[in-house]
Amino acid sequence: MDRMNMDGTLAGFDQDRPELAYTDEVKAATDHLYAKVSHVVTPMEWPAKAPLIHAINQLKKEKNAVILAHNYMTADIFHCVGDLMGDSLALARMAAESEADIIVQAGVHFMAETAKVLAPEKTVLIPDTRAGCSLASSITGEDVRRIKAAYPGIPVVTYVNTSADVKAECDICCTSSNAVQVVESLGSDTVILLPDQYLAKNVAAQTDVKILTWAGACEVHEQFTAQDIQDLRDAHPGVVIITHPESPLEVVQAADFAGSTAAMADWAKDSGAKKAVLLTECSMSDNVAADVPEVEFIRPCNLCPHMKRITLENIYDCLRLGQHEVTVPDAVIEGARRSVQAMLDLPKPAKPASFDPTKPEKRVDLVVI
């Protein structure tokens, strides 16, 4: 059943939006895209989605726009309108290198801010300004200033899942793809890694550097448990468990593989597994399954309510109206770009890094301010 607004209109329906029909032209232009999403979009749903997809792709050409689609986008966005797809690190690199006039961030707000920081001359749009992040909202630039005052001389690394204001106060950024590399690049025996306590604990297990951290967490990944993994193994003998380092350490230790979303996707494609679980946000399995149809994906997952605010409808409106432009103060851009660029200047690994699940736990303390 369609979701309804309180005024009786369809949820996501803009009464000022031009009527879009599933014409023969639209069908011809989008049939090849349906093949990529037919495993999650039914034939009954496609005639409603295809006109939006076609209109978005036409608008991109007219306005010299690109859509950066994070791995957690729904399959219709990721495979049908996304131009540049990947994890946070890949999207940061793509934003810096894009030649488009307009960047539409199909992701959450900190990603759009990062795109603006790296390409300040471009117009950066986000389809829904409410698409936030539990990690990004867990810490502020003022918090970082207080941490630095309390721990002088200790390098501060921030996960990219933070606001531009936080990035501007830190020494260097990291993603889950390169967190260990970043920490070890600083040449310090102690590093403060903000704000994800679970990523910090997983990084600490992989390095000899002492890690201090903050009490932030991803509301999607912190819910998974080692018991979840055991239950999956019991229910699906032979299944391969792939997880993310934003999960608790016990989850990473119980899995077969742990890494960034890019590393998870690569491992699912290259491991030879016949049956797999991507223990992460729900849309990830849908997107990877399109590229590896020979793998049966078991789909226990947790939805990210923030990522799911991005829809075909609001991408279309965002492009059509040029609305929800993301701005960052010049002074913040300067500081944030320095910390992001410091990360991007590190040697690019041949493939996204993984986390060895056999490594033992090490003590990680929270900073005190």
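With θ taken as phi - 60° and the Karplus curve 6.51 cos²θ - 1.76 cosθ + 1.60 applied, the whole-hertz 3J(HN,Hα) list for the range 58-68 is 5, 4, 4, 5, 5, 9, 6, 10, 10, 10, 8 Hz, x standing for glycine and proline. Maximal additional length on extending the Lys63-Met44 stretch stands at 3.7 nm, based on 0.36 nm per residue less the C-alpha distance. Note on the range 184-201 and the range 119-145: Cα centroid distance 21 Å, given to the nearest whole angstrom.
Here the Gaussian network model covers the chain, with springs between Cα atoms less than 10 Å apart; of Thr23, Thr190, Thr175, Thr23 fluctuates the most. Length available on full extension from Ala149 to His236: 0.36 nm per residue minus the Cα-Cα distance, which gives 26.3 nm. FRET efficiency for the pair Asp24 and Lys275, taken as 1/(1 + (r/R0)^6) with r the Cβ-Cβ distance and R0 = 35 Å, rounds to 0.30. Each principal axis of the Cα atoms in the range 43-150 has its own extent, and those three values, largest first, are 58, 31, 21 angstrom. Pair-distance distribution of the range 223-298: all C-alpha pairs, bin width 10 Å, starting at 0; shares per bin in whole percent are 21, 58, 21, 0.
Label-to-label distance for Leu346 and Arg93 is 1.3 nm, based on points extended 7 Å past Cα in the beta-carbon direction. Springs between Cα atoms under 10 Å define the GNM used for the chain, and in it the highest mean-square fluctuation of Glu246, Glu45, Glu325 occurs at Glu45.
In the range 88-147, which GluC sites (Glu not before Pro) fall in coil by DSSP and have 15 or fewer other Cβ atoms within 10 Å? Display every interim value, and only then the final one.
Numbers: sites: Glu97, Glu99, Glu113, Glu121, Glu142; in loops: Glu99, Glu121.
Of the GluC sites (Glu not before Pro), the ones in loops of the range 88-147 whose Cβ has at most 15 other Cβ atoms within 10 Å are Glu99, Glu121.
Take every pair of alpha-carbon atoms less than 8 Å apart whose residues are at least six positions apart; their mean separation over the length of the range 223-298 yields a relative contact order of 28 percent.
When the trypsin sites (Lys or Arg not before Pro) in the range 129-187 are filtered for DSSP coil states and for at most 13 other beta-carbon atoms within 10 Å of their beta-carbon, the remaining sites are Arg130.
Run the helix sum for the chain: -39,500 (n - 2.57) per DSSP H stretch of 4+ residues, divided by residue count, reported at 222 nm to the nearest 500 deg cm²/dmol. Show your work: numbers first, answer last.
Numbers: 15 runs with 150 residues, N = 369.
Computed ellipticity for the chain at 222 nm equals -12000 deg cm²/dmol.
No value in this document is a laboratory result; all are computed from the given coordinates. None of the values given here were measured: they were computed from a predicted structure. No Cβ is skipped: glycine too gets one built from the backbone with ideal geometry, and neighbour counts run over all protein chains shown.
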